[in-house]
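> Structure incoming, see below.
The values are calculated or read from the model by the stated rules, or taken from the named source; none is laboratory data. Everything numeric here is computed off the predicted structure, so don't read it as measured data. Because the Cβ atoms are built from the backbone with ideal geometry, glycine has one as well, and the counts that use them run over all protein chains shown.
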Amino acid sequence: MSHGPSASGGATLKPSPGHHDAPHEPVFTGATRAALDELITRYPTKQAVLLPALWMLQEARGWVSEAGMAEVAALLGITPAYVKGVVTFYTMYHQHPVGKYFIQVCTTSPCNVCGAEDVVKAFLETTGCGELGVTSDDGRYTVIEVECLGACGFATPVMVNSDFLESVTPDTVPGLLARYQ
Amino acid sequence: MPTLTIDGHTCTVDIGGTILDAARAVGIDVPTLCWYPSLTSVGNCRICLVSVEGTDKLLPACATAAEDGMRVTSESHAAVRSRQGVLGLLLERYPVEDIPAAEARNEFEALVRRYDVPTTHRAGLPPRDGDARDGDPAIRHDMSTCILCTRCVRACEEIQVVGVLDVAHRSDRAQIIVGADGNPEHAGCTWCGECVRVCPTGAIHDIIPMAVRAGDGTMLERPRSNAMPPIDRTVRSVCPYCAVGCQLDLEVRDDTVVHVRSPWIEEATPNRGSTCVKGRFGLDFVQHRDRLETPLIRRGWVKRDGRWIFDATHDTASMWPRRGGPWELIEEEGQTRKRGPRSNPLQRSTSGIGPLGDPRDRVATPLAWYAPFREATWDEALELSAQELTRLRDTSGPSSLAVLQSAKCSNEENYLLQRMFRGGLGTNNVDHCTRLCHSSSVSAMQQAMNTSAASGAMREVEDVADVIFLLGANTTESHPVFGAAIKRAVKRGATLIVCDPRRIELASRAHIHLRAMPGTDVAVMNGMLHHILALGLEDRDFIARRTHQFDRVRAAVQPYTPERASQISGVPAALIREAAERYARGPRSSTLWAMGLTQHATGTDIVTSLLNLILATGMIGRPGAAMLPIRGQNNVQGASDVGAIPMVYTDYQPVTNPDIRHRFAQEWGVPDDRIPLKAGLKVTQMVMDDSPVRGMYIMGENPILSDPQVAHAEHWFRELEFLAVQDIFLTETARYADVVLPGSSFAEKDGTFVNTERRIQLSRAAVPPPGDARRDLDILIELSNRIGLPSPYRDAAEVMDEIARVTPSWRGVSHARLESHAGLQYPVHDAEHGGTPFLFADAFPTTDGKATFFPVEYLPPAELPDDAYPFLLNTGRQMYHWHTGTMTRRSFALDARESTPIVELNPADAAAMGVGDGEEVVVASRRAEIRIAVRLSDRVSPGQVFIPMHYREAAVNLLTNPALDPVAHIPEFKVCAVSVHPANRGQSVHSATTPLQATSWTSASPAE
């Protein structure tokens, strides 16, 4: 089943073998645990800390693994299934490992009219990913389509990790990527 | 209270009641899908939308509060069109081509038919997917029929309080998921089947573990919830496992139990529709091929000149020593190598575990065990039994006879059996396994307040108690349906205090976990009471009005400061203080306990110290302040109530009282002096070396595995002059019998059981006994007649009528009255009295109505770890097995979950001795040793190990200490000293195959 950009969200990451088999080392130890405990004090219930806790997990590991979800569940006193339900509802939690550079290309209508699909194609070819949601063999890149990045006047906007790039065209893609090695 | 009209009917509901509640109250069938009784109303399916006058839009009946003056139309044109639309949308993802043309297989399809929605498939979305779990032995999934009503999610979360399931993903990919990783075990699933029960489409369904063999030898599975061939009848029964007393509906086809359903959730039953894994999936033992179908007589018994004699040269009897056979002793089996425990065979990735195979092949009685026996007629078997029992009575005296009755059998059967031994054979040597479970509770409760049963009910604990104090009870595994109720109580806001040496599931949910060293409970209780008195939190009014001798206890607990209690028990003093305060402040504290307190050489003391705490704080005799010893077996309460114990007749009327004896002798038509005025021997006294017992009758018990120091018991039973065993399988005990009488399982007879809250419930015969096996009651009637005690009963109802005549607190009980599903909680004073859910509001059943305090000093367990035996061994039950495994190890689904014996060992200890998970160790006590595989578990503290009691091949009772409580004569099953050593260093015993693929251990060679 193809899941391109749609109302249900575009970020469908594909598993890359190898990552899943590594045993889960707890994330919430030491300073991270202290940060979480501090965060918990700011919310009315532990459950309410779920979204930030998942962000901390993703920041530490680059993605949210099932074992990581179980760790968060145990810490917050909720069930692993509930955590998974939340993780899979939102599009910005990575359920599979992603590349060092996570590239999000806006393909919503205005950008699409301005040629965003060609930008996507250029990224997929230049990075070697070949397919949306798949991490390149060298582990550097993952490309996905996203909904509106809020820069319709500067089609096609692209985010590489937290960098915001505007007016990207297929021609500028190789030059951009040279900055992200 | 709002009054409204629905379709012209006027109805009134409680404030907060919904339109749906109102409609159901007047019998209007508003359709529902996502709604389910007792679950949170989510209103997500929109099938129950109704028209309300004055409101433009349709309103969900399940989620709209009824208001005064509302005028509702349930089947308005708009509502019906809306429902058709909802059903049509759901059908877009539903495999419509599978829907049978004529009938509806489930709730959802019934609604499709009711609203006449076309089931032609519309092109579009692919079928929904989700949890698959190939190879599960009981629960199967076909998520293509899932309509995402989320009943399963809520049932798991709200009724069972586990939360295995949830909804993940969104939009067209939304689906039900299992835990975070698809592995139910990681998510805490116990396969209770609650999700199966609530599913309206059969997306989650159970296959039949009690599989029936089809004509061609293949197994009949159940592909979809209602796709079985039609059943012949459904019979209401009572679960034969624990004392929660869950009612079950047995579905019968061709005189075979093919499926278990739970009763409708809104019925007044103890379980309200819930079951645990044993009740729903563990009843296939009824049809196991090991069922005894013919009486057996040991070879060598011959009838000459009209009398039976044992001729060791006759037949092939000389092949074995007297009472021997081609089997290993339990002790020998304990030392054979073991297959390692499974390593998660049920995780999702392990697909293709293979077809079920015949569950009856899983754990079978070895064929060789039958060799020392020959098949016999009932006439022969009963004649031989009657002859030998009367011969021993006449030659060696009545006290040379003893009977072990059964907490698994009905009240009627137990009553008749003790009647036969007391009235017919003249002995009070009558006992059963209550001796090994709550006898110390009974002796302590008798002493303090002259009672022998729970004061309150399970529902009180769930709904009303503010504080739940749970001691020595692993309720979520041993009484799972009640365990779930406790979890619901905690969710409701009740405080849970757990006192248990192991970190059991409820301990991890408790507000306070008192992790006391086994057997140190007296110190903890005295310490708590000390602190309560120090703060003045005792209930002075209660103590003054309703008790005696408090000052003695006040003095006795004085030295037990929380610090001293902490030194003895290992529980931090601060926790003892906190627990004491929370318990005493209540305001309604319920006290629950089980074997962790009772199975000690100081069991009576331990329970007495707990009763002191209860009485000093007045936590009894009010709703929500229940005193609840959680009984073990399904009818251990009833067997005791009807006199299957050596010192009392029914209703705990002492055998030492000549007036009471006279009443029974008269009822039975025997002379008074036939029955001794002296209490008989208890189980643990019967099997002592100097016991006078020479002949025994055992009904439905397996003492060779359940008695402490099995090796001794096994030798002792072999020395008997005569042993008759009435059972449904050739148990470890039955193999030493002279006569084996094939009885009936719970599913094959009418009778009553009493649950842990004194509720007498009627269980009905669903199927006939197999082969020539007979109903137990018929066997006992016939044997009584042959022994010379006329027994003119035709059925269990007539026996109950007699029990009611001689049992004051059962006076109003009859089978006719028990037909109503709720049963009756005794005392039931007369035929009109509705029973007594809760006792001691005003007085205790003592002569002056007051309870008595007894001071207790802490005494250490009889055998503590030392240099030679440095570990402390604790024993008990597991979720998936029962007692000596006679039934559960013959249940396919249960034995698949937990098929090998294990010892729980703390990872730190395991690391120190260099053994890993699944490796084999030798556990030795001063009495014996067994080889057993390790399960690493931080449930046990370092220095302690836990071994379940269910496994013949590693019988933990070879190791246990037969030290007895001086009052109750209960053995110290919970504490003994053992050593643990790796069996073969570095050699793993992990089996390459999963248990489901493996052949049964009984057919494996011992060296395997």
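> I'm trying to understand the selection: among the residues of the range B:132-185, which are closer than 11 Å to A:T79 by Cβ and free of Cβ contacts under 8 Å to residues at least 12 places away in the same chain? Steps first, please.
First pass over the range B:132-185, keeping only residues closer than 11 Å to A:T79 by Cβ: B:153, B:156-157, B:161-166, B:177-180.
Within the range B:132-185, B:E157, B:A180 qualify.
> Run B:V481 past the list (1) buried (at least 23 other Cβ atoms within 10 Å of the Cβ); (2) over 22 Å from the mean Cα position of the chain (by Cα); (3) not in a loop (DSSP other than H, G, I, E, B) and report the number of the one that doesn't hold.
B:V481 satisfies every listed condition except (2).
> Here's a check for you: in the range B:178-195, which residue that is buried (at least 24 other Cβ atoms within 10 Å of the Cβ) and among the hydrophobic types (A, V, I, L, M, F, W, C) is farthest from A:T88 (Cα to Cα)? Lay out the reasoning, then the answer.
So in the range B:178-195, the residues buried (at least 24 other Cβ atoms within 10 Å of the Cβ) come out as B:178-180, B:187, B:191-195.
Of the ones still in play, those that are also among the hydrophobic types (A, V, I, L, M, F, W, C) are B:178, B:180, B:187, B:191-192, B:195.
Working: B:V178: 13, B:A180: 10, B:A187: 17, B:W191: 25, B:C192: 27, B:C195: 22 Å.
Step by step, filter the range B:178-195, then rank; the result is B:C192.
> Return the residue satisfying two criteria in turn: it lies in the range B:28-51 and is free of Cβ contacts under 8 Å to residues at least 60 places away in the same chain and on the phi > 0 side of the Ramachandran plot, and of such residues it is nearest to the chain's Cα centre (by Cα).
B:G43
> While we're on this one: Can you name the residue in the range B:304-343 that is surrounded by fewer than 13 Cβ atoms within 10 Å (Cβ to Cβ) and under 32 Å from the mean Cα position of the chain (by Cα) and, of all such residues, is modelled with the highest pLDDT?
Among them, the one singled out is B:E332.
> Looking at (1) farther than 19 Å from B:I147 by Cα; (2) acidic (D, E); (3) within 9 Å of chain A (Cβ to nearest Cβ), which is the only condition B:D172 fails?
(1)
> Restricted to the range A:16-32, and to residues that are within 13 Å of chain B (Cβ to nearest Cβ) and modelled with pLDDT under 75, which residue is nearest to A:L124 (Cα to Cα)?
Top of the filtered list is A:H20.
Okay, residues lined up against (1) within 24 Å of the chain's Cα centre (by Cα); (2) surrounded by fewer than 21 Cβ atoms within 10 Å (Cβ to Cβ):
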{"residue": "B:A523", "(1), (2)": "no, no"}
{"residue": "B:G527", "(1), (2)": "no, no"}
{"residue": "B:I576", "(1), (2)": "no, no"}
{"residue": "B:R585", "(1), (2)": "no, yes"}
{"residue": "B:T602", "(1), (2)": "no, no"}
{"residue": "B:R631", "(1), (2)": "yes, no"}
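> Output the helices (runs of 4 or more DSSP H) that fall wholly within the range A:33-116 and possess 3 or more residues being within 14 Å of chain B (Cβ to nearest Cβ), β-branched (V, I, T) and buried (at least 19 other Cβ atoms within 10 Å of the Cβ), or say none.
Qualifying helices (runs of 4 or more DSSP H): A:80-89.
> Still on this structure, please answer the following. For the range B:851-901, how many residues meet the condition of being over 30 Å from B:C239 (Cα atoms) and part of a strand (DSSP E or B)?
5
> Check every one of the helices (runs of 4 or more DSSP H) wholly within the range B:69-163 and list those with 2 or more residues that are among the aliphatic types (A, V, I, L, M).
Result: B:77-91, B:107-114.
> B:V167 is checked against (1) within 14 Å of another protein chain (Cβ to nearest Cβ); (2) within 29 Å of the chain's Cα centre (by Cα); (3) assigned to a strand (DSSP E or B) and fails just one. What number does that condition carry?
B:V167 satisfies all of (1) within 14 Å of another protein chain (Cβ to nearest Cβ); (2) within 29 Å of the chain's Cα centre (by Cα); (3) assigned to a strand (DSSP E or B) except (2).
> For the range B:693-703, does any single residue satisfy the condition of being β-branched (V, I, T), at pLDDT 95 or above, within 18 Å of B:A402 (Cα to Cα) and within 29 Å of the chain's Cα centre (by Cα)? Don't jump to the end; show me each part of the working.
Initial filter on the range B:693-703 (β-branched (V, I, T)): B:693, B:698.
If we keep only those that are at pLDDT 95 or above as well, we get B:693, B:698.
Now narrow it down to the ones that are within 18 Å of B:A402 (Cα to Cα): B:693, B:698.
Imposing the further condition that a residue be within 29 Å of the chain's Cα centre (by Cα) reduces the set to B:698.
For the range B:693-703, residues β-branched (V, I, T), at pLDDT 95 or above, within 18 Å of B:A402 (Cα to Cα) and within 29 Å of the chain's Cα centre (by Cα): present.
> How many of the residues in the range B:245-282 are assigned to a helix (DSSP H, G or I) and crowded, with 24+ Cβ neighbours inside 10 Å?
4
> Residues that are surrounded by fewer than 19 Cβ atoms within 10 Å (Cβ to Cβ) and of a type in the set (K, R): which helices (runs of 4 or more DSSP H) entirely in the range B:655-765 hold 1 or more of them?
B:658-668, B:710-718
> Does B:V363 satisfy the condition of being at pLDDT below 95, within 30 Å of B:R435 (Cβ to Cβ) and among the aliphatic types (A, V, I, L, M)?
yes
> Right, another one. Within the range B:175-184, which residues are more than 7 Å from every other protein chain (Cβ to nearest Cβ) and either farther than 18 Å from B:A203 by Cβ or in a helix (DSSP H, G or I) (or both)?
Within the range B:175-184, B:N183 is the sole residue that qualifies.
> Identify, from the list B:A851, B:A816, the residue that is small (G, A, S) and touching a Ser or Thr at 6+ places or on another chain (Cβ under 7 Å).
B:A851
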